[in-house]
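> One structure coming up, written as structure tokens, with questions to follow.
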Amino acid sequence: MSCAICGRAGRGFGFTARREGAARQAACSMRCLDILNARGGAVYDLNHFEKQAIEAASEKAGTYLEEIGKTDLATLTREEWRQLLSTVFVAATAQIQRLTDEDAVPF
Ligand SMILES: [Zn+2]
């Protein structure tokens with residue numbers, strides 16, 4: 001089950017809202033679990049977060065490609081490709097976590 005806040009793999013943390021019929025939601029970390037608890041469960045419009053996460057990941061991906069001096073993805077080695085994907089994944093999930101911090105949540 002994926003984390004209800006950032007979408008990473010849930011790792012044993014869980015939250016169930018105190019309302020009848022509420023489903024158990026997973027969290028990847030104490031940080032995301034705290035966010036779930038503070039909000040009474042995840043009921044976010046993730047598209048808003050996802051768009052901003054993609055922007056953050058795009059910048060990091062560009063920086064990585066500049067560092068290795070390649071712009072043609074077909075020329076990446078298997079390890080370079082994995083590193084690019086890792087860079088994008090970590091940047092996107094970190095941005096979603098930043099956006100869900102107390103002061104940044106728009107609701
Ligand atoms: Zn999470």
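The values are calculated or read from the model by the stated rules, or taken from the named source; none is laboratory data. These numbers come from a predicted model, not from an experiment. Here the Cβ positions follow ideal geometry from the backbone for every residue, glycine too, while neighbour counts run over all protein chains shown.
> So Q25 passes all but one of these: (1) farther than 22 Å from R98 by Cα; (2) surrounded by 13 or more Cβ atoms within 10 Å (Cβ to Cβ); (3) within 16 Å of the ligand (Cβ to nearest atom). Which condition number does it fail?
Here Q25 clears every test but (1).
> Let me ask something else about it. Can you tell me which of (1) more than 16 Å from the ligand (Cβ to nearest atom); (2) closer than 20 Å to L99 by Cβ is the one E67 doesn't meet?
(2)
> Follow-up question, since we're still on this one. What single numbered condition from (1) on the phi > 0 side of the Ramachandran plot; (2) within 18 Å of the chain's Cα centre (by Cα); (3) more than 12 Å from the ligand (Cβ to nearest atom) fails to hold for G40?
Unmet condition: (2).
> What pairs come out if I take residues in region 56-76 that are in the same structural domain as T87 (by TED's automatic domain parsing) and pair them with residues that are outside any helix (DSSP H, G or I) and modelled with pLDDT under 95 whose C-beta lies under 7 Å away, six or more apart or interchain?
L65/T71
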